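Here is the structure we will look at, set down as structure tokens.
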Amino acid sequence: MTTLELRNISRVFPGTVALQDFSARWEGGKIHALIGRNGAGKSTLVNILTGALAPTAGTVLLNGNPCTFRSPADARRAGIAAVYQELSLLPDLDVIENVHLGRLPVRKGILPGRIDWKAAERDTRDLLDRLRISLPLHTPVRHLSVAQQQLVEIAKAMGSSPGVLLCDEPTSALSHQEAQCVFALLKTLAIDGALVIYITHRLQEIRSLADTVTALRDGVSNGTIPSSAATPERMVTMMFGEDVRFSRMIDHPPLPSPVLEVRGLTRLPAFSDVSFSLHAGEVIGIAGLMGSGRTELLRTLAGADPPDAGEVVINGRVCVPRSPAQMIRCGMVMTPENRKDHGLLTLMSTRANMTLPSLDRLASHAVTSRRREQQVVARMQQELDIALADPEAPVSALSGGNQQKVVLGKWLATDPRVMLLDEPTRGIDIKAKAQMFQTILRLSRQGIGLLVVSSELEELLLLCHRLLFMQHGRITGSADAGSMRLETLLARCMESS
């Protein structure tokens, strides 16, 4: 039976201790859950075990033998494989090609060196039979469901018969029914003797799936308990500390007039029949797990994805979201979750990025005014405290926090009435995060309505007047953020997930 032991593992980055003296011992034939808030060190630990990072100190022992992984290939040869939240499949290749990616069998004897497709198909069928998975072998994976693609990802990882399988949020984008297929497979692997380490934010999964629960808090191990003892309250305490309380930053009531009314908004299969209102100066947080439809709802409201049904009313005016340009004219803008791919033109200057949505306001007789553009940049630089040496330099030269401020600033320059903020503090440092909090509060005091999505649930308790709970594409309830504790919020997010 495989055993994996970590002794005093530490990993130090410049200015940051990601892991400190982490120790744990896991046995095969079981599923071991690893929990911790964002930034606790879980991903760093996975990168060390898969050979992507070397520990600064400490020892990894596999079956009692010390191991040093200089690359992911070393970890794979030692019998460690990983399945990540983000799929790494090639969408135009079929199931057989993806399962054997990088290790397709080749012919011997006659026509040596050519791919042996019959052997590849036979090996794939045998592997899927052992895993009790049924998939169309010759179908390009882009035509499979997300759950089926996740099963292909697991089959690819198991193709080399690893003794240790690391699963980093493998069900985050799956529905409840789809996730059950993955759980059944992981349980089968454990019964067959594999050692499964399962990382998740969905705490409700743990008691029915895992055998043990290990918590990471700020890079330090905070103990291991049997899953039978892992109540939501105890897991929250393990991740955050004994007394989880937050000092609310929001200190003013919203205005009585609604700036946004959403009625029966539907875009299948992502979400359906969503209705709520947002008042001037109100900050509403959407609380839900990944895959609940949060981002899809914001994208539809912003006009990026047209709805199937429903209507949106902004300041009393009905606006059917058909395009981002239309919704900007209606006074609604969105800062996306992925700022580099969807929020910025990284090869263009900060000035060009900051003023792009406002060019029609800054132009005179169809000719843009560089002087007016510079005035907008200077105003946003001052309001948002952007560290900007040269507005003409590519925006990619800025830090992550300053890039996020540029994304926010370009939309503020359009004088919006409603702002949709999708993960506004993701990937920025503590100082930039504090500045983002202050900016959200200032915008709220100015009467702008804000709808915020954040995976950091404690941020929603700090910043929001009200919370909407979203599960499986539906709004399931609402609550006053000021009267809610974190463990209660977690439990509400996990209900029926």
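Just a few scattered comments:
- Region 361-432 and region 246-266: distance between their alpha carbon centers, rounded to Å: 25
- For GLY477, the amide hydrogen comes within under 5 Å of the amide hydrogens of PHE469, counting only partners 5 or more places away or on other chains and with H modelled in the peptide plane.
- Between ARG132 and THR488, full extension at 0.36 nm per residue minus the direct alpha carbon distance yields a gain of 124.4 nm.
- Taking the DSSP beta bridges with both ends in region 3-240, the antiparallel portion is around 60 percent.
- Rounded if a/c under 1.5, otherwise prolate or oblate - region 280-370, Cα gyration tensor axes: oblate
- Cut-off under 5 Å, modelled amide H: who pairs with LEU137 long-range: none
- Residues VAL220 and ALA119, FRET efficiency given R0 of 51 Å [Cβ-Cβ distance, rounded to 0.05]: 0.60
- Note on ALA325 and ASP341: the extension gain reaches 3.9 nm, defined as 0.36 nm multiplied by sequence separation minus the Cα-Cα distance.
- Amide H contacts for MET348 (H built 1.01 Å from N in the peptide plane; partners 5 or more residues away or on another chain; cut-off under 5 Å): VAL395.
- Prolate/oblate/rounded call for region 61-111, Cα gyration tensor, a/c under 1.5 rounded: oblate
- Tensor-based shape of region 347-414 (alpha-carbon gyration tensor, a/c under 1.5 rounded, otherwise prolate or oblate): prolate
- Phi-derived couplings, Karplus 6.51 cos²θ - 1.76 cosθ + 1.60 at θ = phi - 60°, listed residue by residue for region 350-360: 4, 4, 5, 5, 5, 9, 4, x, 10, 4, 5 Hz, with x used for Gly and Pro.
- Computed from backbone phi with θ = phi - 60° and the Karplus coefficients 6.51, -1.76 and 1.60, the 3J(HN,Hα) list for region 326-341 is 5, 6, 5, 5, 7, x, 10, 10, 9, 9, x, 4, 9, 5, 6, 8 Hz; x is used for glycine and proline.
- Per-residue ellipticity at 222 nm computed for the chain from its helices equals -9500 deg cm²/dmol, with DSSP H segments shorter than 4 residues left out and the rest contributing -39,500 (n - 2.57).
- Taking the chain as a whole, the Cys residues whose C-beta sits 4.7 Å or farther from every other Cys C-beta are CYS67, CYS167, CYS181, CYS464, CYS493.
- Remark: the SER396-SER88 segment gains 108.4 nm on full extension, using 0.36 nm per residue and subtracting the alpha carbon distance.
- The HN-Hα couplings worked out from phi for region 303-315 by the Karplus form 6.51 cos²θ - 1.76 cosθ + 1.60 (θ = phi - 60°) are x, 6, 10, x, x, 7, 7, x, 9, 10, 10, 10, 6 Hz, whole numbers, x standing for Gly and Pro.
- Cα centroid separation, region 180-225 to region 82-133: 28 Å.
Rule-based calculations on the coordinates, nothing more; no lab input. What you see is a predicted model, and the numbers here were worked out from it, not measured in a lab. FYI the Cβ positions are ideal-geometry reconstructions off the backbone, even for glycines, and counts take in every protein chain you see.
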